[in-house]
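The values are calculated or read from the model by the stated rules, or taken from the named source; none is laboratory data. The model shown is predicted, which means the values in this text are computed figures rather than measured ones. Cβ placement follows ideal geometry from the backbone for every residue including glycine, while neighbour counts extend to all protein chains displayed. The area values use the complete protein model at the heavy-atom level, side chains included, leaving out ligands, DNA and RNA. Shrake-Rupley method; radii C 1.70, N 1.55, O 1.52, S 1.80 Å.
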Amino acid sequence: MIDKGPVLLDITDGIARLRLNRPDAANGMSVELLRALCDAIMVCHGHSDLRVVLLSGEGTNFCAGGDVRAFASKGEKLPDYIRQATAYLQNAVTGLLRLEAPVISSVQGFAAGGGGFGLVCASDIVIAAESAKFLAGATRVAMAPDAGVSVTLSRLVGLRRAMSILLTNPVIPAAEALQIGIVTRVVPDAELADASLTLARELAAGAPMALAATKRLVWAGTGTSIEQCLSEEARTVAELSGMADAREGLAAVIERRQPVFTGR
């Protein structure tokens with residue numbers, strides 16, 4: 001458990017609730033926050049009973065991206081600060097993508113820049129409040145996309161639309177983000193927390209090895225031809241079929257009951 005600082009983490013019943021905790025700065029990503037985020041993600045990697053990660057931001061915004069005030073204060077030393085921040089951000093995104101547990105982002109307010117928008121694009125499932133807004137924003141401040149957005153966004157929305165979003169920086173409302181594939185589901189603002197936790201509990205009750213394998217196959221397949229994926233799919237399915245969870249899943253269907261998965 002991490003109960004203070006710029007990132008909070010609580011793991012209970014297989015659900016890791018990972019929260020950005022700089023609400024007064026719209027959860028802007030300083031080096032300190034990014035370092036803490038990497039540390040929290042590594043804790044998740046080391047937790048053997050982890051089933052799902054629920055990522056959110058404290059306050060009125062999910063994450064407004066990089067901490068612009070911190071960036072501006074560095075003057076000519078900004079490149080060194082950016083290199084450090086980017087290294088932590090890349091490690092955080094890689095850590096989320098490589099987690100065996102699915103990652104749900106629960107988004108209210110703005111999800112902007114490499115920090116906010118990038119974490120959304122690197123999540124497995126995204127639930128957004130109706131009032132949520134999404135913004136790439138990098139070129140608006142004479143920078144380029146980071147956090148993998150130059151790759152992940154085009155996989156989500158297609159190359160032409162991704163290019164337009166990254167070059168022109170529109171503010172994308174939740175309804176449009178759902179329509180073009182940036183988010184998975186949109187709910188009323190008042191229902192965001194409950195809807196996100198309900199989904200986290202649903203995934204936590206699932207077959208963890210099957211969910212992990214599916215996540216790995218889907219992300220690995222984004223840069224691979226279908227033909228190249230087939231043998232890895234076949235190997236993975238055969239491996240999973242020999243586990244107790246697969247036998248339990250089949251038995252539950254036959255017996256018309258809810259399965260109880262153990263990760264074995």
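At-a-glance table
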| item | result |
| --- | --- |
| The range 62-96: number of residues that are over 21 Å from residue 16 (Cβ atoms) and among the polar types (S, T, N, Q) | 3 |
| The range 205-214, subset touching a residue at least 60 places away in the same chain (Cβ under 8 Å) and under 16 Å from residue 123 (Cβ atoms), residue least open to solvent (accessible area, probe 1.4 Å) | 212 |
| Strands (runs of 3 or more DSSP E) wholly inside the range 1-84 that include at least 1 residues being of a type in the set (Lys, Arg) and at pLDDT 95 or above | 15-20 |
| Residue 262 vs. criteria part of a helix (DSSP H, G or I), open to solvent by 30 Å² or more (accessible area, probe 1.4 Å) and under 30 Å from residue 19 (Cα atoms) | no |
| In the range 215-239, residue least open to solvent (accessible area, probe 1.4 Å) [restricted to those that are in a loop (DSSP other than H, G, I, E, B) and among the small types (Gly, Ala, Ser)] | 225 |
| Number of positions in the range 1-21 that are crowded, with 17+ Cβ neighbours inside 10 Å and within 18 Å of the chain's Cα centre (by Cα) | 13 |
| Single residue of 205, 177 found to be among the small types (Gly, Ala, Ser), at pLDDT 90 or above and within 29 Å of residue 90 (Cβ to Cβ) | 177 |
| Single condition residue 242 does not satisfy, out of (1) surrounded by 15 or more Cβ atoms within 10 Å (Cβ to Cβ); (2) over 30 Å from residue 141 (Cα atoms); (3) not charged (D, E, K, R) | (1) |
| Candidates 132, 72, filtered to the one that is open to solvent by 10 Å² or more (accessible area, probe 1.4 Å), among the aliphatic types (A, V, I, L, M) and over 30 Å from residue 210 (Cα atoms) | 72 |
| Criterion: modelled with pLDDT of 90 or more, of a type in the set (S, T, N, Q), over 20 Å from residue 20 (Cβ atoms) and open to solvent by 70 Å² or more (accessible area, probe 1.4 Å) - qualifying residue of 168, 184 | 168 |
| Selected residue (criterion: most open to solvent (accessible area, probe 1.4 Å)) from residues of the range 91-107 that are of a type in the set (Val, Ile, Thr) and part of a helix (DSSP H, G or I) | 94 |
| Residue list for the range 151-165, filter: in contact with a helix residue (DSSP H, G or I) (Cβ under 7 Å, 6 or more places away or on another chain) and open to solvent by 60 Å² or more (accessible area, probe 1.4 Å) | 156, 161 |
| Options 10, 67, 49: the member that is acidic (Asp, Glu) and touching a helix residue (DSSP H, G or I) at 6+ places or on another chain (Cβ under 7 Å) | 67 |
| Lone qualifier among 202, 255, 191 - being loosely packed, with under 12 Cβ neighbours inside 10 Å, within 30 Å of residue 128 (Cα to Cα) and out of contact with any Leu (no Cβ under 9 Å at 6 or more places or on another chain) | 202 |
